Structure formats: structure tokens, C-alpha cells
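Input: a single structure, listed below in C-alpha cells.
FYI, it's all coordinate maths here, none of it is from the lab. Just so we're clear, the structure is a prediction, and the values are computed from it rather than from any experiment. When we count neighbours, we look across all protein chains shown, and the Cβ atoms used for this are built from the backbone with ideal geometry, even at glycine.
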Amino acid sequence: MHQHVSAVLAAANRKKMTFEVIRHILWYIVYAAVAVVLLFPVAFMITKSLMTGTEAASLPVRFWPENPTFENYKLMFTENNYLRYACNTLIIVVFNMIAIPFAASVVAYGFAKTKFAGKNVLFVAMLSTIMLPSMVVQIPQFAMFSAFGWINTYYPMTIPNLFGGGAMNVFLLRQFMRGIPNELDNAAKIDGANAFQRYLLITLPLCVPILIYVMITVFNTYWSDFFGPLMYLKTESKYTLAIGIFRDSIQNSSVQKVPVRMAAGVFMTILPAILFFVFQKQLIEGVTVGSIKG
């Protein structure tokens with residue numbers, strides 16, 4: 001009787017294991033199918049950037065160049081002035097990658113580690129700005145920046161970010177800082193450190209994971225920003241890469257230039273992709289640890 005029961009249990013376990021294996025295989029097939037769908041446009045853009053203009057315009061559509069060439073990447077920087085646009089973009093991106101994490105962390109430290117009257121009310125008021133659609137504030141902002149004389153400058157895309165760059169950045173940093181033991185801050189206070197010293201020397205070094213997350217997010221936001229430069233930049237010499245590609249596609253719609261524009265698209269994609277793969281661990285850690293500690 002005991003052997004019969006054991007045999008039945010063993011058969012049930014084998015059946016369960018077989019079911020689990022099949023389930024995992026099916027899920028992997030689904031994941032692979034989704035990955036193919038998502039990666040196909042990127043792969044198609046890369047192959048088009050390696051074609052000649054004639055190949056790119058040929059019918060039926062070609063998915064692979066007969067003789068791959070990198071000439072389009074050379075033309076992108078020599079004939080289309082994209083190198084200048086890339087430098088303009090980097091000016092905005094680098095400024096914001098420094099200004100936003102620093103300013104947001106200062107504000108977050110005040111909400112997380114200091115006590116003052118009305119702190120919770122101010123924090124809720126700040127968070128409520130997340131609910132405002134960006135389209136609602138674009139016209140008032142444009143009118144204000146126009147009155148400041150900031151049109152056709154990089155100021156509208158940089159100076160306002162000295163105040164934190166948005167409530168979400170402050171929220172993420174504040175949640176992370178709340179998970180840092182107050183004993184560290186109190187010990188530094190007993191040793192005579194003022195509030196800024198405690199922020200700079202104690203709290204900020206412990207926030208590296210979430211700071212990296214904010215910096216990468218800022219890079220992706222302003223590297224590919226389209227509407228901001230479109231609204232405020234009027235002179236071609238000040239265009240960012242996104243606007244430069246857009247203007248070039250309008251002014252020169254020849255199908256012979258399609259591979260050059262595809263090369264520009266690859267160039268815009270490659271830096272965010274590199275940053276993601278290099279800092280993938282820190283990005284995941286920044287989000288998960290920040291949410292858990294909050």
C-alpha cells in the first residue's frame with residue numbers, strides 16, 4: 001500500500017514538473033515573439049542606414065543591404081550639420097544632468113530630514129503638480145519666457161530646472177532619503193555639522209543609486225526632447241538634434257536621403273542604449289530600493 005501511494009505521488013510530481021516545463025517554454029516563446037516585434041523597427045532602421053539611397057528606395061522593400069556602407073554616417077556629420085546639432089543637445093543635456101539631481105536632492109533633503117511648519121502641506125502641493133497635463137502650462141510658460149526675453153535661447157530648457165526639474169524627481173529622492181537611518185544625521189549634527197554639511201557629506205553619498213536613476217532619466221528626456229526646442233529655438237545654428245533631423249526631413253524629402261536620416265536615428269538611439277546597458281544594475285536598484293525604503 002505504501003509503495004502504491006509513493007508511486008502515485010511520484011507520478012503526480014513528474015506530471016507537475018512536466019507542466020511547469022511546458023509553461024515556461026510557452027512563456028519564453030511569448031517573450032521571444034514580443035522581443036522580435038519590439039526590436040524589428042530598430043533593426044530595420046539600422047539596416048536602412050547601411051544602404052545606398054537607391055537601395056533604400058527600391059521596391060519591393062529590401063531588408064538587408066547588398067553592400068553595407070557607413071558612408072551615410074559620414075554624410076550625416078559633414079553635409080547635414082548634425083554634429084553641431086549634437087553639440088547643442090549635449091549642452092542642454094549635461095547642464096540638466098548636473099542641475100536637476102543636485103537641486104532635486106536639496107529639496108528632497110528638506111522634506112525628508114528636516115522639520116518645519118507646513119512641510120506636509122507643501123509636499124502635497126508639490127506632488128499635486130504631477131497631475132497637471134504638460135499642455136496646460138505650455139502657453140503660460142511660453143508667455144512668461146517671452147517676457148523674460150528667453151526665446152531663441154537655451155534658458156527655458158535649463159534655468160527652470162535649477163528648482164528641481166519636476167516633482168517626481170523630488171519625490172523619488174525624498175522616498176529614498178527617508179530610508180536612510182536618522183541616527184547618521186543626528187550623529188553628524190552632534191559633531192557640529194550644519195544642515196548643508198549633513199546633506200552633502202552624509203546623505204548625498206548614500207543616494208548614488210537613485211541619483212544615477214534620475215541622471216539617466218534626465219539624459220533620455222532632454223536628449224530626445226522635441227517640443228521644447230521646437231517652441232523656443234528659432235535659429236538653425238541653435239537647433240538640437242531632434243529638431244535638426246525633423247527640419248532636414250521636411251526641407252529635403254528626397255528618398256535618396258532616407259539612409260542618412262536613418263543613420264541619424266541610429267545615432268540618437270545608440271547613446272541611450274549604451275547608458276542603459278552600462279547602468280542597468282544601478283537603474284533597477286535605484287527604483288526598487290527607493291520604493292522599498294520609501
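Worth a mention:
- Packing around the peptides 44-57, 65-78, taken as the average count of other Cβ atoms within 10 Å per residue, puts them in this order, highest first: 44-57, 65-78.
- Projecting the Cα atoms of LEU59, LEU122, PHE196 onto the charge dipole of the chain (Cβ charges, centred on the Cα centre) puts LEU122 farthest toward the positive pole.
- Per-residue 3J(HN,Hα) values for region 151-159, derived from phi via the Karplus relation 6.51 cos²θ - 1.76 cosθ + 1.60 with θ = phi - 60°, read 5, 6, 10, 8, 4, x, 9, 10, 4 Hz in sequence order (x marks Gly and Pro).
- Available extension along the chain between ALA32 and ILE91 is 17.4 nm, counting 0.36 nm per residue and deducting the alpha carbon span.
- Computed label-point distance, nm, for sites ARG23 and MET45 using a 7 Å Cα→Cβ extension: 3.7 nm
- In a fully extended conformation the segment linking THR235 and GLN138 would gain 32.9 nm over its present Cα-Cα distance, using 0.36 nm per residue.
- Separation of alpha-carbon centers, region 101-145 and region 184-216, rounded to whole Å: 21 Å
- Computed from backbone phi with θ = phi - 60° and the Karplus coefficients 6.51, -1.76 and 1.60, the 3J(HN,Hα) list for region 161-171 is 6, 5, 9, x, x, x, 5, 5, 5, 5, 4 Hz; x is used for glycine and proline.
- Cα gyration tensor category, rounded, prolate or oblate, for the chain with a/c compared to 1.5: oblate
- Positive-end ranking of GLY166, ALA264, ASN186 along the dipole of the chain, with charges on Cβ about the Cα centre, is headed by ASN186.
- Dipole magnitude for region 81-293: computed about the Cα centre from +1 point charges on Lys and Arg Cβ and -1 point charges on Asp and Glu Cβ, it is near 100 debye.
- On the beta carbon distance between ALA195 and ASN81, with R0 = 41 Å, the FRET formula returns roughly 0.30.
- Where labels lie 7 Å past Cα in the beta-carbon direction, separation of VAL278 and LEU206 in nm: 2.8 nm
- Each Lys and Arg Cβ is given +1 and each Asp and Glu Cβ -1; about its Cα centre, region 1-151 then shows a dipole of about 780 debye.
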